[in-house]
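Undergrad: Below is one structure. I have some questions about it.
The values are calculated or read from the model by the stated rules, or taken from the named source; none is laboratory data. All values reported here derive from a predicted model rather than from experimental measurement. Don't worry about glycine lacking a Cβ; one is built from the backbone with ideal geometry, like all the others, and counts go over all protein chains shown. With ligands, DNA and RNA removed, areas are computed over all heavy atoms of the protein, side chains included. Shrake-Rupley method; radii C 1.70, N 1.55, O 1.52, S 1.80 Å.
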Amino acid sequence: MPDSTKLFQAYNIDSFRQQGHRLIDQLADYLESTIESPDAQKVLDWIDPDDQVAWWEKALVEGRTDIDAFFAELLQRSIHVHHPKYMGHQISPTLPIAALAGMVGDLLNNGMGIYEMGSASTAVERVVVQTVCQAIGYDEQAGGVMTSGGSLANLTALLAARSLKASSDVWSEGSHKQLALMVSDEAHYCVERAVRIMGWGATGIIKIPTDDQYRMKTHLLEKYYLKAQEEGVEVIAVVGSACTTSTGSFDDLVAIADFCERHNIWMHVDGAHGGATVFSQKYKPLVKGIERADSVVMDFHKTLMTPSITTALLYKNEQASYSTFATKAQYLWQDAVEPEWYNLAKRTFECTKLMIGVKAYSIIRTHGVSLFDDYVSTCYDLGKTFAQAIEMDASFELATSPECNIVCFRLFDEGLEEEALNDLNRQVRQAILEEGNFYIVQTVVRNKLFLRVTLTNPFTTEKEIKDLLSRLKFHAKCLTNPLTANQS
Ligand SMILES: *Cc1c(COP(=O)(O)O)cnc(C)c1O
């Protein structure tokens with residue numbers, strides 16, 4: 001027999017009210033201690049994955065139902081992205097207002113697929129999308145959708161590209177011809193995944209080599225394009241990286257736009273990380289030409305202080321978005337009638353979708369779009385500050401001069417072979433991870449292992465940067481010469 005009394009009790013409104021008030025206090029205390037006393041606590045408390053599972057299982061077995069304790073444990077056992085010594089993967093410290101908006105969305109649980117199931121949030125999403133289109137520099141024909149992450153958004157955009165640019169109707173008839181796209185060899189792995197998901201195989205991704213700053217050598221596009229044509233491969237798109245994930249390098253979007261226009265192929269910009277640069281008056285020149293792209297992807301959770309997952313997928317011509325999951329004939333038919341912008345599932349992978357737009361909208365509504373400029377410009381400036389600290393210290397070298405808030409660097413010692421340098425940097429990064437006072441990541445570029453930071457927290461200062469560098473040197477010293485380190 002189901003216990004309905006227990007079920008109704010679980011929805012108890014008084015409990016919710018009280019728990020909610022306590023939770024907000026708990027979260028505010030957490031933010032206060034994390035941001036204001038970064039030296040007093042760790043960025044992450046490194047725990048072996050299996051031990052972590054065992055701990056959470058034990059709490060269930062012991063029947064610990066105290067919800068305040070649960071939230072406290074969750075806070076304690078998670079990585080703290082608001083911590084000024086968090087400099088790892090590309091994720092924004094969320095703005096509190098956006099987290100509150102997210103909570104409202106979670107409670108309302110509107111499904112979003114069709115207008116009735118999310119009328120306010122559908123409209124809010126449209127306003128956010130239009131705000132982004134304007135910042136990109138698109139005209140009034142532009143539009144788009146919000147979706148669950150840059151990876152999915154890239155695949156969605158490429159499906160629209162295939163529908164509109166391929167010479168055959170792949171959606172209805174399957175593949176007859178070998179299709180392909182061109183992208184830099186430093187692009188995010190999700191572009192290659194999208195190609196393989198679409199069934200184009202390894203031949204479907206043509207990787208253009210990059211220069212010494214890891215940007216696509218756009219002068220090679222023509223050569224690779226002609227070679228593909230000779231081999232019977234139909235190139236339908238070029239994907240520009242703005243920027244690359246590893247080194248934060250921005251492809252020359254103007255050159256890519258010129259090329260795509262010349263050959264009537266689709267230009268897509270993977271701006272998952274750096275698309276938000278359009279909001280920065282100071283750094284906008286990095287994405288010059290983005291307004292000529294047929295489609296652009298932008299992750300708000302990486303560079304616009306919004307909770308995960310918040311991604312905008314913008315099209316220069318919104319009509320294109322209706323062809324993503326449709327045959328050519330349907331597209332024409334849809335063209336003849338008013339496209340239903342408000343039934344979002346027509347254009348997204350999601351049927352049920354989180355109320356994504358409300359989180360971004362809450363920021364724009366309370367602080368204005370200019371806050372995005374303040375955030376992006378501040379973080380990119382921090383990238384420069386970090387690079388200057390590296391350049392002044394002979395123990396380190398940069399992979400390349402940073403263009404944004406991603407900086408790749410490594411401990412360097414002339415006396416060590418490449419293999420030994422890789423080992424050293426790998427071990428130092430592991431030591432930092434297990435110590436938990438800082439969080440940074442690593443990446444391999446052209447067989448060299450680099451340490452990598454994303455300056456994503458506006459509360460990070462030169463002090464935290466200098467402290468990090470000293471700590472890295474300390475660990476390097478321990479590893480190369482354990483005795484001296486112990487004595488010091
Ligand atoms: C992070 C990233 C992605 C993937 O985006 P998700 O939101 O993590 O799915 C794609 N491209 C680039 C350039 C990225 O930096």
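Undergrad: For the chain, what's the radius of gyration and Dmax over Cα atoms, in angstrom?
TA: Considering the chain through its Cα atoms, Rg and Dmax are 24.3, 79 Å.
Undergrad: How much area per residue is accessible in the stretch 376-488 when the probe is 1.4 Å and only protein heavy atoms are counted (Å²)?
TA: On the way: 5090 Å² over 113 residues.
Ligands and nucleic acids excluded, the result is 45 Å² per residue.
Undergrad: While we're here: Would you mind counting up the charge near residue 112? Only other residues with Cβ under 10 Å from its Cβ, with Lys and Arg at +1 and Asp and Glu at -1.
TA: Values: positive: 353; negative: 125, 350.
Net of charged neighbours comes to -1.
Undergrad: For the ranges 56-68, 347-359, 233-245, 465-477, what's the packing order if you count other beta-carbon atoms within 10 Å of each residue, average per peptide, and put the highest first? All intermediate terms of the calculation are to be shown ahead of the outcome.
TA: Values: 56-68: 10.2, 347-359: 22.8, 233-245: 26.0, 465-477: 17.9.
In descending order of packing, they fall as 233-245, 347-359, 465-477, 56-68.
Undergrad: Shifting gears a bit: Tally up the carbon and sulfur contribution to the accessible surface of the stretch 266-320 as a whole percent, 1.4 Å probe, everything protein left in place.
TA: Details: 700 of 1280 Å².
Accessible surface attributable to carbon and sulfur in the stretch 266-320 totals 55 percent.
Undergrad: With only Lys, Arg, Asp and Glu charged, each at its Cβ (+1 for the first two, -1 for the last two), find how big the charge dipole of the stretch 1-148 is about the Cα centre; round to the nearest 20 debye. Can you show the working numbers first?
TA: On the way: 9 positive and 21 negative charges, 42 e Å.
Around 200 debye, computed over the stretch 1-148.
Undergrad: Sticking with this one: By average Cβ neighbour count within 10 Å, what is the ranking of 144-153, 420-429, 85-94 from highest down? Numbers along the way, then the final one.
TA: Working: 144-153: 24.9, 420-429: 18.1, 85-94: 22.0.
Output ranking for 144-153, 420-429, 85-94: 144-153, 85-94, 420-429.
Undergrad: Ok, one more. Charges at C-beta only: +1 for Lys and Arg, -1 for Asp and Glu. How large is the resulting dipole of the stretch 387-458 about its Cα centre, in Debye rounded to 20?
TA: Details: 6 positive and 12 negative charges, 70 e Å.
Dipole of the stretch 387-458, to the nearest 20 debye: 340 debye.
Undergrad: Could you tell me which residue out of 344, 454, 86 lies farthest along the dipole of the chain toward its positive end? Charges go on the beta carbon: Lys and Arg +1, Asp and Glu -1, centred on the Cα centre.
TA: Farthest along the dipole direction, towards plus: 344.
Undergrad: Name the long-range amide H neighbours of residue 442: under 5 Å, sequence gap of 5 or more, or other chain; modelled H, no Pro or chain starts.
TA: Those lying under 5 Å, H to H, from residue 442 are 452.
Undergrad: Residue by residue, what Karplus-based ³J(HN,Hα) values in Hz, rounded to whole numbers, does the stretch 136-143 have, using 6.51, -1.76 and 1.60 with θ = phi - 60° and x for Gly and Pro?
TA: Whole-Hz 3J(HN,Hα) from phi for the stretch 136-143: 5, x, 6, 8, 6, 6, 6, x.
Undergrad: Next question, about the same structure. Which GluC sites (Glu not before Pro) from the stretch 396-450 combine a DSSP loop assignment with at most 12 other Cβ atoms within 10 Å?
TA: Values: sites: 397, 403, 414, 417, 418, 419, 434, 435; in loops: 403, 414, 417.
Here the GluC sites (Glu not before Pro) that fit, given the DSSP loop and packing criteria, are 414, 417.
Undergrad: Right, something else. Within the set 42/353; 58/359; 85/477, which residue pairs have Cα atoms separated by over 27 Å?
TA: Numbers: 42/353 34 Å; 58/359 35 Å; 85/477 21 Å.
As for pairs spanning more than 27 Å Cα to Cα, those are 42/353; 58/359.
Undergrad: Add +1 for every Lys or Arg and -1 for every Asp or Glu among the other residues with Cβ under 13 Å from the Cβ of residue 363, and state the total. Could the numbers behind the result be given before it?
TA: Values: positive: 359, 365; negative: 373, 374.
Every neighbour counted, the sum reads 0.
Undergrad: Under the rule of -39500 (n - 2.57) per DSSP H run of 4 or more residues, summed and divided by the residues of the chain, what mean residue ellipticity at 222 nm is obtained, to the nearest 500 deg cm²/dmol?
TA: Taken over the chain, the calculation gives -14500 deg cm²/dmol.
Undergrad: Also, I was wondering about something else. Along the Cα→Cβ direction, 7 angstrom out, place labels at residue 169 and residue 32. What is the inter-label distance in nm?
TA: Each label point is offset 7 Å from its Cα along the Cβ direction, giving 6.4 nm.
Undergrad: Hey, another quick one. Over the stretch 54-178, with every protein chain in place, what whole percent of the accessible area is carbon and sulfur at 1.4 Å, could you tell me?
TA: Values: 3470 of 5940 Å².
In the stretch 54-178, the share of accessible area belonging to carbon and sulfur is 58 percent.
Undergrad: Which ³J(HN,Hα) values, rounded to whole Hz and listed in residue order, are derived for the stretch 74-82 from phi using the Karplus coefficients 6.51, -1.76 and 1.60 in 6.51 cos²θ - 1.76 cosθ + 1.60 with θ = phi - 60°, glycine and proline given as x?
TA: 4, 5, 5, 9, 10, 6, 9, 6, 7
Undergrad: Give me the net charge of residue 263's neighbourhood, meaning all other residues with Cβ under 15 Å from the Cβ of residue 263; Lys, Arg count +1, Asp, Glu -1. Present the calculation step by step, with values, prior to reporting the outcome.
TA: Working: positive: 165, 223, 227, 262, 292; negative: 222, 230, 234, 258, 261, 294.
So the surrounding residues net to -1.
Undergrad: Send over a whole-number figure in Å² for the accessible area per residue of the stretch 1-64, probe 1.4 Å. Each step should come with its number before you reach the end.
TA: On the way: 5260 Å² over 64 residues.
The answer is 82 Å² per residue.
Undergrad: Another question, then. Taking the Cα centre of the stretch 112-233 as origin, work out the dipole magnitude from +1 charges on Lys and Arg Cβ and -1 charges on Asp and Glu Cβ, in debye rounded to 20.
TA: Details: 11 positive and 14 negative charges, 46 e Å.
It works out to roughly 220 debye.
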